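Structure record follows, encoded as structure tokens.
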Amino acid sequence: MSEQEQEFSGSDVQKKFLYLNRRAPYGTIYALESLEVVLIGAAFDQDVSLAFLDDGVYQLLKGQDTKAIGMKNFSPTYRALGDYEVTKLYVEKESLEERGLSIDDLMEITYEDEDDDWAEKPSIQLVNRSEFAAIMAAQDVILSF
Amino acid sequence: MKIGILVSEGPFTHQASDSAYQFVKAALEKGHEIFRVFFYNDGVNNGTRLTVPPQDERNIQSNWTELAEKHNLDLVVCIAAAQRRGILDENEAKRQGKDADNIAPGFRISGLGQLIETGIESDRLVVFGD
């Protein structure tokens, strides 16, 4: 077995997974099925981040109401991500601004930091486009939806 | 190199599945290992044996099936995405009380954990989507 195979075959391998969300929550199924991967993936004890850019920022809008289109409003699930230890939600600043939005238009999503006496902290971090490039470059696995 | 593949679009409407197929074939020819090909979103539609494209066109499903047989590839269709879109194997058809199944030879149905495992176990995960 090569050194590389040994490195990846152990159950204690931890990789950096980034879920890249670029589309509006409704109109296509990508946002919902991305979230389903995140929830299942949370059981694997990896280093998980979510990124929201382009129309993907609409996924985190507060006050979503889907009654008129007959679809399930799955937005409350984002607020539960902290319970799955998914605590890094990067939102691209320029994508918000280009759509006339600010962080105040987004849901309040928090997690309890076990390393800081379970203090409640915001999961959403605003990052600009150039910072995003660095975040993406640091990942092992990027799943784009 | 050990490579994992994610196909997230169905056949014909998008080129994603064709590109993934060509990529996998080329990678195998170069001596790389394909850990698994995972089909998600509309990508699960690549795994129905009931597609009947015109005879002068490529048959994407049978391309995958033949490649899997030749190289012992692991082609996995996501169960949750498959159920939404009517892709069933014999067991699932029975379990859901449906009168038929349609999974193509060489494909198997399993959970999303297989995608995460592909990300963990592969040196690179290559995504083919829209």
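The values are calculated or read from the model by the stated rules, or taken from the named source; none is laboratory data. What you see is a predicted model, and the numbers here were worked out from it, not measured in a lab. Every residue, glycine as well, gets a Cβ built from its backbone with ideal geometry; the counts of neighbours run over all protein chains shown. Quick note on the areas: whole protein, heavy atoms, side chains included, nothing else; ligands and nucleic acids left out. Shrake-Rupley method; radii C 1.70, N 1.55, O 1.52, S 1.80 Å.
When only residues in the range B:92-116 that are in contact (Cβ under 8 Å) with a residue 12 or more places away in the chain and part of a helix (DSSP H, G or I) count, which is nearest to the other protein chains (Cβ to nearest Cβ)?
Among them, the one singled out is B:L115.
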request  = Could you check how many residues of the range A:47-86 are surrounded by fewer than 18 Cβ atoms within 10 Å (Cβ to Cβ) and of a type in the set (A, V, I, L, M, F, W, C)?
outcome  = 6
request  = Could you pull out every one of the helices (runs of 4 or more DSSP H) wholly within the range A:27-145 that has 1 or more residues that are more than 14 Å from chain B (Cβ to nearest Cβ), under 23 Å from A:K15 (Cβ atoms) and over 15 Å from the mean Cα position of the chain (by Cα)?
outcome  = A:129-137
task = Could you please find all residues in the range A:9-19 being surrounded by 20 or more Cβ atoms within 10 Å (Cβ to Cβ) and either at the interface with another protein chain (Cβ under 9 Å from one of its Cβ atoms) or of a type in the set (G, A, S) (or both)?
result = A:F17
query = For residues in the range A:108-134 being of a type outside the set (F, W, Y) and crowded, with 17+ Cβ neighbours inside 10 Å, which is nearest to A:Y78 (Cα to Cα)?
reply = A:I109
query = Hey, any hits in the range B:93-105 for a residue that's under 24 Å from A:I29 (Cα atoms), polar (S, T, N, Q) and over 14 Å from the mean Cα position of the chain (by Cα)?
reply = yes
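Return yes when B:N41 is more than 13 Å from chain A (Cβ to nearest Cβ) and at positive phi and no when it is not.
no
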message = With away from chain A (no Cβ under 14 Å) and of a type in the set (D, E, K, R) as the only criterion, which of B:R85, B:R49 stands out?
response = B:R49
Flag for A:A119 being touching a strand residue (DSSP E or B) at 6+ places or on another chain (Cβ under 7 Å), more than 15 Å from A:Y19 (Cβ to Cβ) and small (G, A, S) = yes
inquiry  = Just the residues that are part of a strand (DSSP E or B) and either touching a Ser or Thr at 6+ places or on another chain (Cβ under 8 Å) or buried (at least 24 other Cβ atoms within 10 Å of the Cβ) (or both), please, taken from the range B:35-74.
reply    = B:F35, B:R36, B:V37, B:F38, B:F39
ask   = Restricted to the range B:1-34, and to residues that are within 14 Å of chain A (Cβ to nearest Cβ) and either in a strand (DSSP E or B) or β-branched (V, I, T) (or both), which residue is farthest from B:N102 (Cα to Cα)?
value = B:K2
message = Go through (1) closer than 22 Å to B:V127 by Cβ; (2) open to solvent by less than 60 Å² (accessible area, probe 1.4 Å); (3) aromatic (F, W, Y) for A:F44 and report which single condition fails.
response = (2)
key: B:V127 vs. criteria touching a Gly at 6+ places or on another chain (Cβ under 8 Å) and under 13 Å from B:S17 (Cβ atoms)   = no
